[in-house]
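J.: Once you've had a glance at the structure underneath, I'll fire off some questions.
The values are calculated or read from the model by the stated rules, or taken from the named source; none is laboratory data. Given the structure is predicted, the values throughout are model-derived calculations rather than measurements. With ideal geometry, Cβ positions are generated from the backbone for all residues, glycine too; neighbour counts draw on all protein chains shown. Note: accessible area is taken over every heavy atom of the protein model, side chains too, but ligands, DNA and RNA are not part of it. Shrake-Rupley method; radii C 1.70, N 1.55, O 1.52, S 1.80 Å.
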Amino acid sequence: MNATVHPLRKYARPHVTRTTTCPGCGNGIATQAILRAIEELDLRMDDFVFVSGIGCSAWIPSPFFAADTLHTTHGRPVAFATGVKLGLPEKHVMVVSGDGDLTAIGGNHLIHAARRNIGLTVVLMNNGIYGMTGGQTAPTTPRGISTVTSPYGSLEHSFDIAPMIVSAGAAYVARWTTHHPRQLTKAIKKGLTKKGFALIEVVTQCPVQFGRASKLGGAVEILKHFKSNSVRIEKARKMDPAELLGKIVVGEFVDIEKPELSSEWTRLIHSMREGRQ
Amino acid sequence: MIKARTALAGTHFDMGNWACAEGAIAAGCNFVAGYPITPASEVANYMAKRLPQVGGIFLQTEDEIAAICSVIGASWAGCRALTVTSGPGISLMQENIGFAVSTETPIVIIDVQRLGPSTGVPSIGMAGDIVQVARGSHGDYQIIALCPESPQEMFDLTIRAFNIAETYRVPVFLMADGFIGHMREQIIIPPADQIDLVERRVPTVADPMKRQDFLDIGVAPMPVFGKGLQAHVTSSCHDEHGMRNLTEPAVMHRYVMNPIQKILTHRDQIVEVREDYVNADLVLVTYGTVSRSARAAARLARNQGLRVGTLRLITCWPFPEEAIRKAASRVNNLLVLENNSGQLYPYIRAEAAHASRVEFLGPQFLGQIHDPNAILEKVKEMLA
């Protein structure tokens, strides 16, 4: 019997045969988008160091990807990745983690990495809730939704991550949902080729926790919700804020060229060496 | 062992913090991350200028948490990495010091201690962090910490800290304080070819499932990133290959115990003490800056015919229990001098009280250097 092997299986550690994600999770879509981007760019896993934090989406590269992987403490993957990138400026350093990890406990590191424009590619999985710990309110949970830590409905406003990271100084920021796997793959490719800090926000479904809290339902229902509520940024720019309430603005938020930190360090060290000779 | 590539050889007159930075440069340090804090800032300030001259990088981070994390990341990227801070920064770093312990990452942490708790007094030295560096991160582990008593030792022991970190794949603390950090004294830096450095061992087998990367009491080679070794590094409970395992009790046991045993079985090679108490009736037990007052007090006492010796703990962690037991078995009186309320005192008493009288003396006011005459008074009281 010939076993059917997934065309992206070659990028995974051979002995890892299971993932930890729940049925209907968006992690699989993002995993495929990341690996397709790597394949289409003709990159090798040895060109990468993957860094992740704590939470369901941090398990996308670790232990699955057959590459150097650093699974860090909660909120800190961007800070760890900053050291990795400065030590190995020629490698692609990709951070994969969630909205709680990267914008709540780790928010400070995220905005500062964007400000420094250090050459990291950050895939931020935004499911609007803490999945792994059992459905608590996140800084991304839409206002009004009831969770286990906001049983009377969340009173707080939520982060709009992509524009926040544009303001912080990133060279490339895009947002897509798991209903847009092709656009997502393309954005990750662009992030990987960008010389500078690249953030790809992936609005993703957590049917187990967010589906229940928001009463949106299962994976299919949430994906349909993404489809009917996504608005391209070009169109959104012409719309009133009132019209955009509850909508998900998708597309490229910024794509600029500016000096990148690790290559600036290489340049400085090189020029000092030249100066001494 | 390899020889240092560069060292600012010569006789210098400068601050302890300067000596520490030059010690790190001689030790091959090529990555420093830190956040401004008194009384440690001079190390970072000087490194910012000095490191690029020797091909290294200085990163001023958004906080001390980012400093320790980026230093650990840089170590995995193959750098010899250091962070420098004071007590409040150590408090912020604690969670990720545990990460370095758990992932067996060689890094050096300079703690130029100041008076606390909390924001305390930034510019006044105090040995306030002695226990927090050993026990401050959650879970169970062992730590290595060295206590310099002079600017010269801030140079020497910074090199030793790097060598120990690379030998055992562990974070190593240098426990300076505001006094010796800011003290100016003669510092002799030997030529580079007289400075021995421990080189990092890196595995050659490409498949992580066919090699041991972690939990080797004899210290596993470090599968640094960027060499196609597919290292899997996690601080969650993991097996010898670095693969997460949260189900097998035997793996959990090894995950906690083997990094502890790695340090304890090499205790004899790690622990360093200075003993000067032959035929003494009383030993002054000290570490760090206070050792200077202890020597002065011992001299005063001997001039008055009192047989007083000294025992200085250069390594305070792992705790030099054998040296304490030895002193207690030979001398009837131990006087523990610390610039705090008595942080190592209970540990010393536990090893010594069965054989010897053990008492404690802090400075008259915490944060002041012990007055040798006050020590002498206490000595006379104990020997009366």
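J.: Tell me the residue from A:36, A:44 that is at pLDDT 95 or above and within 14 Å of another protein chain (Cβ to nearest Cβ), please.
T.: The conditions single out A:44.
J.: Would you confirm whether or not segment A:143-159 contains a residue that is outside any loop (DSSP other than H, G, I, E, B) and open to solvent by less than 20 Å² (accessible area, probe 1.4 Å)? Write out each step before concluding.
T.: Going through segment A:143-159, the residues outside any loop (DSSP other than H, G, I, E, B) turn out to be A:147, A:150.
Subsequent filtering for residues that are open to solvent by less than 20 Å² (accessible area, probe 1.4 Å) retains A:147, A:150.
Yes, segment A:143-159 has at least one match.
J.: Mind listing whichever residues of segment B:11-55 are β-branched (Val, Ile, Thr) and either under 21 Å from residue B:75 (Cα atoms) or not assigned by TED's automatic domain parsing to the domain that holds residue B:187 (or both)?
T.: B:25, B:32, B:43, B:54
J.: Hey, another quick one. Consider residue A:207 carefully, then state whether it is under 22 Å from residue A:36 (Cβ atoms) and at pLDDT 95 or above.
T.: no
J.: Next question, about the same structure. Quickly run through segment A:46-66 and pick out the residues that are buried (at least 20 other Cβ atoms within 10 Å of the Cβ) and part of a helix (DSSP H, G or I).
T.: A:56, A:57, A:58, A:59
J.: So which residues in segment A:103-120 are hydrophobic (A, V, I, L, M, F, W, C) and either open to solvent by 30 Å² or more (accessible area, probe 1.4 Å) or more than 15 Å from residue A:166 (Cα to Cα) (or both), if there are any at all?
T.: Listed by number, the residues that qualify are A:104, A:105, A:111.
J.: Moving on to the next point. Given segment A:169-229, what helices (runs of 4 or more DSSP H) lie entirely inside it while holding 2 or more residues that are under 30 Å from residue A:44 (Cβ atoms) and open to solvent by 30 Å² or more (accessible area, probe 1.4 Å)?
T.: Fully inside segment A:169-229 and qualifying: A:181-193.
J.: With B:349, B:292, B:312, B:302 as the choices, which residue is under 18 Å from residue B:148 (Cα atoms), part of a helix (DSSP H, G or I), at pLDDT 95 or above and open to solvent by 10 Å² or more (accessible area, probe 1.4 Å)? Before you say what the answer is, go through the steps one by one.
T.: Values: B:349 fails: under 18 Å from residue B:148 (Cα atoms); B:312 fails: part of a helix (DSSP H, G or I); B:302 fails: under 18 Å from residue B:148 (Cα atoms).
After ruling out the rest, the residue left standing is B:292.
Residue-by-condition table, conditions (1) in contact with a strand residue (DSSP E or B) (Cβ under 9 Å, 6 or more places away or on another chain); (2) assigned to a loop (DSSP other than H, G, I, E, B); (3) within 9 Å of chain B (Cβ to nearest Cβ):
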position	(1), (2), (3)
A:83	yes, no, yes
A:96	yes, no, no
A:125	yes, no, no
A:134	no, yes, no
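J.: Quick check on this structure: which one of B:297, B:323 is in contact (Cβ under 8 Å) with a residue 60 or more places away in the chain and not in a loop (DSSP other than H, G, I, E, B)? Outline the logic, then answer.
T.: Values: B:323 fails: in contact (Cβ under 8 Å) with a residue 60 or more places away in the chain.
Matching residue, one of B:297, B:323: B:297.
J.: Checking residue A:76 against (1) more than 11 Å from chain B (Cβ to nearest Cβ); (2) within 16 Å of the chain's Cα centre (by Cα); (3) not aromatic (Phe, Trp, Tyr), only one condition comes out false. Which one?
T.: Of (1) more than 11 Å from chain B (Cβ to nearest Cβ); (2) within 16 Å of the chain's Cα centre (by Cα); (3) not aromatic (Phe, Trp, Tyr), only one is false for residue A:76: (1).
J.: Does residue A:20 satisfy the condition of being within 10 Å of chain B (Cβ to nearest Cβ) and touching a Pro at 6+ places or on another chain (Cβ under 6 Å)?
T.: Against the criterion (within 10 Å of chain B (Cβ to nearest Cβ) and touching a Pro at 6+ places or on another chain (Cβ under 6 Å)), residue A:20 does not qualify.
J.: Continuing with this model, one more query. Please work out if residue B:181 is outside any helix (DSSP H, G or I) and open to solvent by less than 60 Å² (accessible area, probe 1.4 Å).
T.: no
J.: Sticking with this structure for a sec: Has segment B:245-263 got any residue that is within 24 Å of residue A:46 (Cβ to Cβ) and within 14 Å of chain A (Cβ to nearest Cβ)?
T.: No, there is no match, as no residue in segment B:245-263 is within 24 Å of residue A:46 (Cβ to Cβ) and within 14 Å of chain A (Cβ to nearest Cβ).
J.: Specify which of the listed residues (A:95, A:16) is open to solvent by less than 10 Å² (accessible area, probe 1.4 Å) and touching a residue at least 12 places away in the same chain (Cβ under 8 Å).
T.: A:95
J.: Only one of (1) open to solvent by 20 Å² or more (accessible area, probe 1.4 Å); (2) on the phi > 0 side of the Ramachandran plot is not met by residue A:251, so which one is it?
T.: For residue A:251, the failing item is (1).
J.: How about segment B:185-286: which strands (runs of 3 or more DSSP E) wholly inside it have at least 1 residues that are free of Cβ contacts under 8 Å to residues at least 60 places away in the same chain and open to solvent by 40 Å² or more (accessible area, probe 1.4 Å)?
T.: Counting at least 1 such residues, we get B:273-276.
J.: Further question: Using beta carbons and a limit of 7 Å, which pairs, at least six apart or on different chains, have the first residue in segment A:54-73 and in contact (Cβ under 8 Å) with a residue 24 or more places away in the chain and closer than 15 Å to residue A:27 by Cβ and the second one acidic (Asp, Glu) and part of a helix (DSSP H, G or I)?
T.: A:54/A:101; A:55/A:101; A:58/A:101
J.: Do we have residue B:121 as farther than 24 Å from residue B:216 by Cα, more than 13 Å from chain A (Cβ to nearest Cβ) and of a type outside the set (Asp, Glu) here?
T.: When the stated conditions are applied, residue B:121 passes them.
J.: May I ask you to list the residues in segment B:67-97 that are open to solvent by 10 Å² or more (accessible area, probe 1.4 Å), at the interface with another protein chain (Cβ under 8 Å from one of its Cβ atoms) and either without any contact (Cβ under 8 Å) to a residue 12 or more places away in the chain or not hydrophobic (A, V, I, L, M, F, W, C) (or both)?
T.: B:78, B:95 - these are the residues of segment B:67-97 that are open to solvent by 10 Å² or more (accessible area, probe 1.4 Å), at the interface with another protein chain (Cβ under 8 Å from one of its Cβ atoms) and either without any contact (Cβ under 8 Å) to a residue 12 or more places away in the chain or not hydrophobic (A, V, I, L, M, F, W, C) (or both).
J.: Find all pairs meeting these conditions: Cβ atoms under 7 angstrom apart; at least six residues apart or on different chains; first residue within segment A:260-273 and under 14 Å from residue B:59 (Cα atoms) and within 7 Å of chain B (Cβ to nearest Cβ); second residue open to solvent by less than 60 Å² (accessible area, probe 1.4 Å) and in a helix (DSSP H, G or I).
T.: A:265/A:86; A:268/B:52; A:269/B:52
J.: Any idea which residue in segment B:130-167 is farthest from residue B:203 (Cα to Cα), counting only those that are open to solvent by less than 20 Å² (accessible area, probe 1.4 Å) and of a type in the set (Ser, Thr, Tyr)?
T.: By that ranking, first place goes to B:150.
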